[in-house]
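**Student:** This is the structure I have questions about; it appears just below.
The values are calculated or read from the model by the stated rules, or taken from the named source; none is laboratory data. The structure presented is a predicted model; accordingly, all values stated were derived computationally and were not measured. Cβ atoms come from the backbone with ideal geometry, glycine included; neighbour counts cover every protein chain shown. The protein model used for the area step is the full one, side chains on, heavy atoms only, and it has no ligands, DNA or RNA in it. Shrake-Rupley method; radii C 1.70, N 1.55, O 1.52, S 1.80 Å.
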Amino acid sequence: FQIGKWERAEASYLEGLACLICLFNIDKEGYPARIEEVTVQKITKYADKIIEYLQSTNAAESMGALTHEEFKTGDFQGKDIALSLSDFLNNLGAVKYVKKELKSSLALHQKALELRIILKSDVSYEVAESYQNLSSVNDALEQFNEAESQLRNAIEIQTKCHTEESIEASSMFNNLAVLYAHMGRLGEAERILKSVISRRLAVFGPTHRL
């Protein structure tokens, strides 16, 4: 994914998701054989079932609603599956964004966010990352109000996890300036960029790559 081989990355994430959500059977030779096509709709539907399970006050009853093929889990293995699922959703959403499949990207990042809020709490790096990813997709879709709200959520969480002077928060403020530029709010964009530059100079010095 990092070196631009989007199709290969997408195929790898889909294979991983197929294994995770049990869309493979083992053939007679002991090799995995896919039994169903992996689609964004199926992935997000499965994510909804996991979210419902995690939110349930009666975990045993909730688990009973999922078939063995849909959710093979022991007492706490379900949380491990959910964590893996949130990462797969996030990564596949990033690939869909690069490929300009924005509606699919939005759906995947939304489910990743919902899972991460449950699994990681409201204030975590992962939740901030998901809000930022959603903001980027909505920016590309020109859904600017949603993009601004999500990015401000990301910044608020990131500054709680780190500080406003951190590299992570600085990058998000920079993204906010870019978003404002797309919205035509050039004065605000300029003000934020000047603040980002000032903070980076104070923290990292004039020779730092940032």
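**Student:** Taking 2.2 N^0.38 Å as the expected size of a compact globular protein, what ratio does the Cα radius of gyration of region 122-174 give against it, to two decimals?
**Tutor:** 1.04
**Student:** For a protection proxy built on the mean count of beta-carbon atoms within 10 angstrom, sort 191-201, 41-51, 111-121 highest first, please.
**Tutor:** 111-121, 41-51, 191-201
**Student:** Mind scanning Lys79/Lys160; Lys42/Lys100; Lys79/Lys99 and naming the pairs with a C-alpha gap bigger than 27 Å?
**Tutor:** Lys79/Lys99
**Student:** Considering only protein heavy atoms, what per residue accessible area in square angstrom results for region 79-202 with a 1.4 angstrom probe?
**Tutor:** Per residue, region 79-202 has 46 Å² of solvent-accessible surface.
**Student:** Could you work out how far the C-alpha centroid of region 85-117 sits from that of region 181-201, in angstrom?
**Tutor:** When both Cα centres are located, 28 Å separates them.
**Student:** For the full complex of protein chains and a 1.4 angstrom probe, list Val137, Val98 by accessible area with the highest value first.
**Tutor:** Val98, Val137
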